[in-house]
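Enquirer: First the structure, which I've put down as structure tokens, then a few questions once you've had a look.
The values are calculated or read from the model by the stated rules, or taken from the named source; none is laboratory data. Just so it is clear, the structure is predicted and the values come from calculations on it, not from any experiment. Using ideal geometry, Cβ is built from the backbone for each residue, glycine included, and neighbour counts are taken over all protein chains shown.
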Amino acid sequence: MASVPSLSASLQQRVSTALTAAVPSAEGADPLLRRSDRADFQANGVLGLAKRAKANPQQLAHAVLAELPGDDLIAQVEVSGPGFLNITVADAAITTNLAKRHADDRLGVPAKADPGITVIDYAQPNVAKEMHVGHLRSSVIGDAIARILRFAGERVIPRHHIGDWGTQFGMLVQYLIEHPHELDHTEDAPDAGEASMSRLNRLYKASRVVFDSDEGFKERARRRVVDLQAGEEETLALWQQIVDESKVYFYSVYDKLDIEIVDADIVGESGYNHMLAETCDLLEKSGVAVVSNGALCVFFDDILGKDGEPVPLIVRKADGGFGYAAADLSAIRDRTGELHASTLLYVVDARQALHFRMVFETARRAGWLTDEVTATHLPFGTVLGKDGKPFKTRDGESVRLEDLLDEAVARATAVVREKGEKIGLSEEEITENGVQVGIGAVKYADLSTSLGRDYVFDLDRMVSLNGDTSVYIQYAYARTRSIFRRAAAGQSPVAHPELPLAPAERALALHLDAFGDALAEVATVYEPHRLASYLFQLASLFTTFYEQCPVLTAEGGPAEVENRLFLCDLTARTLQQGLTLLGIRTPERL
Ligand code: ARG
């Protein structure tokens, strides 16, 4: 494992040293190095510096230029415009740096030396309820961020805060007591998850009907809630049965989504029951929360309702019941106190932004969140239908996640089949690729939009071979694999720093070199869409390279063939690593 600094980072270092040499007071100034169309890089930092030093920017730029050592890295520097430095990197330096990446199984991307512990709250569906597109976003984004952070060396602990508690369970359990065979089933169907969900749906609907029409049942259901909260044995066992039945369903959906969820990480609202009373006590004793109209509340000066009245966070309701906030506050105590998290992340719908603002502020006042811990809500936007409104079925119901995934796979399979038949894929390969392309398409469409934005769920666009889609990127990967299958014996990837690079090779190579820098940024700002756009750009640059630079029949002879194969191989590994971090598979033949 060897960390390989990017050429851009090395250059940044050089220019920064030259800046300080030219203007000693500029110590630590950012040279503002950017990729540029004119040369490889442009440093814009001289302008601001000249302004501050009241110097002539062009003169200053020339002074900096004079301090830049002529070495293996820089092929050419010139001052342009009002005082920019245009820098061209030596071809040999590019190839040599990439060869170091190629020799490393992490592609030269460093892992943190002093990792923190990040607890990430994502994939939190609700028990006895169908999963919908909102749960898709939390799961897909959370999974990608968890993978990216792990790759960066962070210690990551997932927490799936499922909705497994609340008054509706009194109703469900009571109904089960009165209809003991409601959840019975004889054999496990092949689609066990779907069967589970349909049993739960039946239970939910049936108990709802009685609850709404039979006062006696309503009362018995209410008493059942009390038993549940008191941890009465029979009640708890039936509740557990409902939770377990739901998990069968969740797991089947996550399996389809190709997202791994581990049982030990599923700590739902009920997982904090034993802490709720204490959490309230601590808040009340410290004065962070006060009783108002019978409820235990936390108030905020800057959080007011439309009427100008303060909107409190209700930790305990007037009837003594604990709410959603009590569980979240207890979860923070657990995550910082027991799990020793240094970072808390919450991948949750933007509509819960106020809830998290109030919960974090309360936890800070109570001392459960200290300055050493950052807590961040990563809010995501809504999935829209083609009409631009929140995605619903024709009869206004929320769309079942499974149906969407099945449809995506069906569409993708049709696309895969069309191309696949031409290249002789077997029926088995077509089916397998259809799944990987379809699920990849759904994930990519979600991940390539910046988190906070809404997006339209449009399968036609998602599985299109042209445009910013995962299929396009998967296709670029498969193309690299096909080149290697066609290579003759003895044609293998070898770096040749002595060879000059064609423009399409340079562009591809410099982008490959930036992989680690891109990942570092993504892991700091928690924005997977930046990785998506890095990969899309990489696939595009590869496509151009492939069109302009014949690989196996390169005119420059065997060394050029080897060098191009080397670029193909590094591209393949970078695409694969990047897509893996987004939770997307890379079929070998498409
Ligand atoms: N189960 C909730 C929902 O479906 C999301 C839970 C989010 N996480 C949390 N710690 N509150 O809306």
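Enquirer: Can you find a residue in the stretch 520-538 that is in contact with a helix residue (DSSP H, G or I) (Cβ under 9 Å, 6 or more places away or on another chain), buried (at least 21 other Cβ atoms within 10 Å of the Cβ) and charged (D, E, K, R)?
Expert: no
Enquirer: Now for a different question. If we keep just the residues of the stretch 301-316 that are modelled with pLDDT of 95 or more and either more than 35 Å from the chain's Cα centre (by Cα) or outside any loop (DSSP other than H, G, I, E, B) (or both), which is surrounded by the fewest Cβ atoms within 10 Å (Cβ to Cβ)?
Expert: Selected residue: Ile314.
Enquirer: One residue is enough: does the stretch 357-365 have a residue meeting the conditions at pLDDT 95 or above, near the ligand (Cβ under 10 Å from one of its atoms) and crowded, with 16+ Cβ neighbours inside 10 Å? So that I can check it myself, show each step before the final result.
Expert: Start the filter on the stretch 357-365 by keeping residues that are at pLDDT 95 or above, which leaves 357-365.
Cutting the leftovers down to near the ligand (Cβ under 10 Å from one of its atoms) gives us 359.
Still in the list and also crowded, with 16+ Cβ neighbours inside 10 Å: 359.
Checked against the condition, which is being at pLDDT 95 or above, near the ligand (Cβ under 10 Å from one of its atoms) and crowded, with 16+ Cβ neighbours inside 10 Å, the stretch 357-365 yields at least one hit.
Enquirer: Going by what's in this entry, would Ala353 be described as over 20 Å from Gly163 (Cβ atoms), part of a helix (DSSP H, G or I) and either more than 11 Å from the ligand (Cβ to nearest atom) or free of Cβ contacts under 8 Å to residues at least 24 places away in the same chain (or both)? Show your work before the answer.
Expert: Working: over 20 Å from Gly163 (Cβ atoms): no; part of a helix (DSSP H, G or I): yes; either more than 11 Å from the ligand (Cβ to nearest atom) or free of Cβ contacts under 8 Å to residues at least 24 places away in the same chain (or both): yes.
So Ala353 does not fit the description; no.
Enquirer: Moving on to the next point. For the stretch 154-207, give me each residue that is within 16 Å of the ligand (Cβ to nearest atom), part of a helix (DSSP H, G or I) and closer than 30 Å to Ala144 by Cβ.
Expert: Result: Met197, Leu200.
Enquirer: A further question follows. Does Ala331 satisfy being under 23 Å from the mean Cα position of the chain (by Cα), assigned to a loop (DSSP other than H, G, I, E, B) and modelled with pLDDT of 90 or more? Quick ask: steps written out before the conclusion?
Expert: On the way: under 23 Å from the mean Cα position of the chain (by Cα): yes; assigned to a loop (DSSP other than H, G, I, E, B): no; modelled with pLDDT of 90 or more: yes.
Answer is no for this residue.
Enquirer: Right, something else. Please go through the stretch 488-502 and pick out each residue that is crowded, with 17+ Cβ neighbours inside 10 Å and farther than 30 Å from Leu73 by Cβ.
Expert: Selection gives Gln491 alone.
Enquirer: Okay, next question. State yes or no: is Thr370 assigned to a loop (DSSP other than H, G, I, E, B), among the β-branched types (Val, Ile, Thr) and more than 19 Å from Ser138 (Cα to Cα)? First the steps, then the outcome.
Expert: On the way: assigned to a loop (DSSP other than H, G, I, E, B): yes; among the β-branched types (Val, Ile, Thr): yes; more than 19 Å from Ser138 (Cα to Cα): yes.
When the stated conditions are applied, Thr370 passes them.
Enquirer: If a residue has to be exposed (fewer than 14 other Cβ atoms within 10 Å of the Cβ) and either farther than 29 Å from Ala509 by Cα or at pLDDT 90 or above (or both) to count, how many in the stretch 29-52 make the cut? Working first, answer last.
Expert: Pass one, the stretch 29-52, residues exposed (fewer than 14 other Cβ atoms within 10 Å of the Cβ): 34-35, 37-38, 51-52.
Filter once more, so that each one left must be either farther than 29 Å from Ala509 by Cα or at pLDDT 90 or above (or both): 34-35, 51-52.
Residues that pass the stated criteria total 4.
Enquirer: Residues of the stretch 91-131 being closer than 24 Å to Leu369 by Cα and within 16 Å of the ligand (Cβ to nearest atom), which ones? Walk me through it before giving the result.
Expert: Start the filter on the stretch 91-131 by keeping residues that are closer than 24 Å to Leu369 by Cα, which leaves 112, 114-124.
Selection gives Thr118, Val119, Ile120, Asp121, Tyr122, Ala123, Gln124.
Enquirer: Scan (1) surrounded by fewer than 19 Cβ atoms within 10 Å (Cβ to Cβ); (2) of a type in the set (Phe, Trp, Tyr); (3) at pLDDT 95 or above for the single condition Tyr455 breaks and write down its number.
Expert: So the condition that Tyr455 fails would be (3).
Enquirer: Are any residues in the stretch 201-256 of a type in the set (Gly, Ala, Ser) and either within 31 Å of the chain's Cα centre (by Cα) or surrounded by 14 or more Cβ atoms within 10 Å (Cβ to Cβ) (or both), and if so, which ones? Explain how you work it out, then say what you get.
Expert: Taking the stretch 201-256 as the starting set, the residues that turn out to be of a type in the set (Gly, Ala, Ser) are 206-207, 213, 216, 221, 230-231, 237, 246, 252.
Those that are of a type in the set (Gly, Ala, Ser) and either within 31 Å of the chain's Cα centre (by Cα) or surrounded by 14 or more Cβ atoms within 10 Å (Cβ to Cβ) (or both): Ala206, Ser207, Ala221, Ser246, Ser252.
Enquirer: Still on this structure, I have one more. Within the stretch 485-510, how many residues turn out to be on the phi < 0 side of the Ramachandran plot, of a type outside the set (Val, Ile, Thr) and not in a helix (DSSP H, G or I)? Can you show your working first?
Expert: Just the residues of the stretch 485-510 that are on the phi < 0 side of the Ramachandran plot, to begin with: 485-489, 491-510.
From what is left, the residues that are of a type outside the set (Val, Ile, Thr) are 485-489, 491-493, 495-510.
Subsequent filtering for residues that are not in a helix (DSSP H, G or I) retains 487-489, 491-493, 495-502.
So the count comes out to 14.
Enquirer: Could I ask something else about it? What are the residues in the stretch 371-397 that are touching a residue at least 12 places away in the same chain (Cβ under 8 Å) and over 25 Å from Asp446 (Cβ atoms), if any? Write out each step before concluding.
Expert: Taking the stretch 371-397 and keeping what is touching a residue at least 12 places away in the same chain (Cβ under 8 Å), we get 372-386, 388, 391.
Glu372, Val373 - these are the residues of the stretch 371-397 that are touching a residue at least 12 places away in the same chain (Cβ under 8 Å) and over 25 Å from Asp446 (Cβ atoms).
Enquirer: Among all residue pairs at least 6 apart or on different chains, which show Cβ distances below 7 Å where the first residue, located in the stretch 287-301, is over 16 Å from Ala277 (Cα atoms) and the second is not acidic (Asp, Glu)?
Expert: Ser292/Pro312; Asn293/Ala318; Phe299/Pro310; Phe299/Pro312; Phe300/Pro310; Phe300/Met358
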